Every structure is written in structure tokens, then in C-alpha cells.
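Encoded as C-alpha cells, the structure appears first; notes follow it.
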Amino acid sequence: MAMTLFIADLHLCSEEPAITAGFLRFLAGTAREADALYILGDLFEAWIGDDDPEPLHRQIALAIKDLVDSGVPCFFIHGNRDFLLGKRFARLSGMTLLPEEKMVELYGRKILLLHGDTLCTDDHGYQAFRKKVHQPWLQWVFLALPLFIRKRVAARMRADSKASNSSKSMAIMDVNSHAVVDALERNDVQWMIHGHTHRPEIHSLCANGKPAFRCVLGAWHTQGSMIKVTENDVELIPFPF
Ligand SMILES: [Mn+2]
């Protein structure tokens, strides 16, 4: 049966081999039956440039390339952790990089795809940070720094973000309902799929004066999480590694 799969927030890193193993199994198994795979950000826990020689990156790129070569196109939207993932990794993995918001039509259903961090508008500190680090000139300067300096800067930024997030309330770190409705109405669409908040759920709401649905992917901590879109259904599915 025709289906398209969505995942996000795997946060792959060399310290979490079980998640990597689960993803490799997913790529070699379930994902092969899909018409396409969409990765909606935070595939990696951190990204400081496509030239990082971390062996995990190459291993993942080649596994995704295998899937793409088997006839399953793979698309990627950047997350807040891997927003610097670039063209070189995209070429190596065969993934197509998408803009931060992407409208797709699958089996007659229009769906807005995004990572989800742009919907968390109550987190003013994060939005200011995001605006800063998304400036092309700053990214260019950062990526031109030697790798060991980029590693230090990234470690410092992660520590700062951890410290500031620990004092933020759960509500501030969730999506803002106005931002959700605004995104749906701006794109004239009733369906949205995103990750980022690590709160897997399919929410019903109202947008454009009609019923609308916000589908949130789960993070891959102790199990996988995917959304399966078919002609008849949009399903949120947890599965063991
Ligand atoms: Mn995220």
C-alpha cells in the first residue's frame, strides 16, 4: 500500500549507539516500503560542519544513500541542532534539503512540514538566538573557523542552552497556538507535521474555519517514532529499536 514516512528528533551521536542501531534497522527495513522518507530535523544531536570527520556522519550518510538508491527519495528539513547540515552531506547521503517550511500534497492530502522550533514563539530567548545563528554571514564565518574552535564554540552553546532551558517552563518550550494557526492559515492547509517538542500526539484544532490537525513526532530516546501517511490515514506510530 502506498505510504510516506516521517521521522524527526533522533539526535544521533556516537554516545547513543542504540539509537543509531535502531535507525540503521529502520532504514534497511520499514523505510524501504515507503514512497518517500521525510526527516524533519534534529537527525543529529549536533552539527558543526559537513567537514567534521566524525565516522558516525559518514556511516549515516551511506545508509541513507542506500535507501535512496533503492528507490526511496529522502528529504530533510533542518532542526535547531543540525541547522548547519549542508550540501556536502546532502550529496553524500542523497537527501534533498528542503526549506524550513514545506508544503507537500500526498495522496490528495495537503500537509505543511516543519521542524517545529519556529512555532515556539513564547520562548523569546530561543527565537532571538535562532535569528542570530541563521544569519548567512555568521554561518559563513563560523564554518570558516578551524574545526577544534567550532567544537569548543558548539560545546559552550550547548551548555548555555541546557542551563537556560532548565529554568524555562514546559509551556514556554511548547508551541504557541497562535503561531500554529497562523502557519496553517498562511499556507491555507489543514494538516501539519512537525517534531522538536518531543511530545508525540495528533492534536485537533480549528484553522481556516475548518477542522485542522497538528501531528507531532516523538523523539527517539528509548524507542523509534514515525508518522505514516496513507491515502486513508495519518498515523503516529511508536516502535522498538
Ligand atoms: Mn529540535
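Read the figures in this text as sums done on the coordinates, not as results from a lab. Since we're looking at a predicted model, the values are computed, not measured. Please note: Cβ atoms are built from the backbone with ideal geometry, for glycine as well, and neighbour counts cover all protein chains shown.
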Just in the stretch 94-176: which trypsin sites (Lys or Arg not before Pro) are loop by DSSP and have at most 16 other Cβ atoms within 10 Å? Lys168
Where q = 0.11, 0.17, 0.20 Å⁻¹, what log10 of I(q)/I(0) comes from the Debye formula for the stretch 48-158, counting one point per Cα? -0.44, -0.99, -1.23
Normalised contact order of the stretch 3-239, rounded percent, pairs of Cα under 8 Å and 6 or more residues apart: 23
Rounded to whole Å, give me the distance from the Cα center of the stretch 20-97 to that of the stretch 170-241. 21
Give me the dipole magnitude in Debye, nearest 20, for the stretch 3-239 about the Cα centre, with unit charges on the beta carbon: positive for Lys and Arg, negative for Asp and Glu. 620
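Which entries in Lys110/Lys132; Lys65/Lys162; Lys132/Lys162; Lys168/Lys228; Lys102/Lys168; Lys102/Lys131 show an alpha-carbon gap greater than 27 Å?
On the way: Lys110/Lys132 32 Å; Lys65/Lys162 33 Å; Lys132/Lys162 18 Å; Lys168/Lys228 32 Å; Lys102/Lys168 29 Å; Lys102/Lys131 19 Å.
Exceeds cut-off: Lys110/Lys132; Lys65/Lys162; Lys168/Lys228; Lys102/Lys168.
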As an exercise, identify the chymotrypsin sites (Phe, Trp or Tyr not before Pro) in the stretch 98-157 lying in DSSP coil whose Cβ has no more than 15 other Cβ atoms within 10 Å. Tyr107
Would you list which aspartates and glutamates come within 19 Å of Lys87, measuring only between C-alpha atoms, while excluding same-chain residues fewer than 8 positions from it? Asp42, Glu45, Asp50, Asp51, Asp52, Glu54, Asp66, Asp69, Glu100, Glu101
Restricting to the stretch 3-239, compute how many DSSP beta bridges are antiparallel as a %, nearest 5. 60
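Would you calculate a helix-derived [θ] at 222 nm for the chain, using -39,500 (n - 2.57) for each DSSP H run of n ≥ 4 and dividing by the full residue count, to the nearest 500?
Numbers: 7 runs with 83 residues, N = 241.
Theoretical 222 nm ellipticity from helices: -10500 deg cm²/dmol.
Please compute one quarter of the surface area of the Cα convex hull for the chain and express it in square nanometres.
Details: hull surface 50.6 nm².
Taking a quarter of the hull surface, the average projection is 12.7 nm².
What are the DSSP H helices in the chain that stretch 20 Å or more along their long axis, judged by alpha-carbon atoms, and whose average Kyte-Doolittle hydropathy comes to at least -0.5? Walk me through the numbers before you get to the answer.
Numbers: long enough: 55-69 (21 Å, 0.30); 147-166 (28 Å, -0.54).
Span-like helices here: 55-69.
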Of Gly218, Leu236, Ser169, which is farthest along the charge dipole of the chain in the positive direction, counting Lys and Arg as +1 and Asp and Glu as -1 at C-beta? Ser169
Along the charge dipole of the stretch 1-149, which of Leu12, Ile60, Trp137 sits closest to the positive end, that is, farthest toward it, with unit charges on the beta carbon of Lys, Arg, Asp and Glu (+1, +1, -1, -1)? Trp137
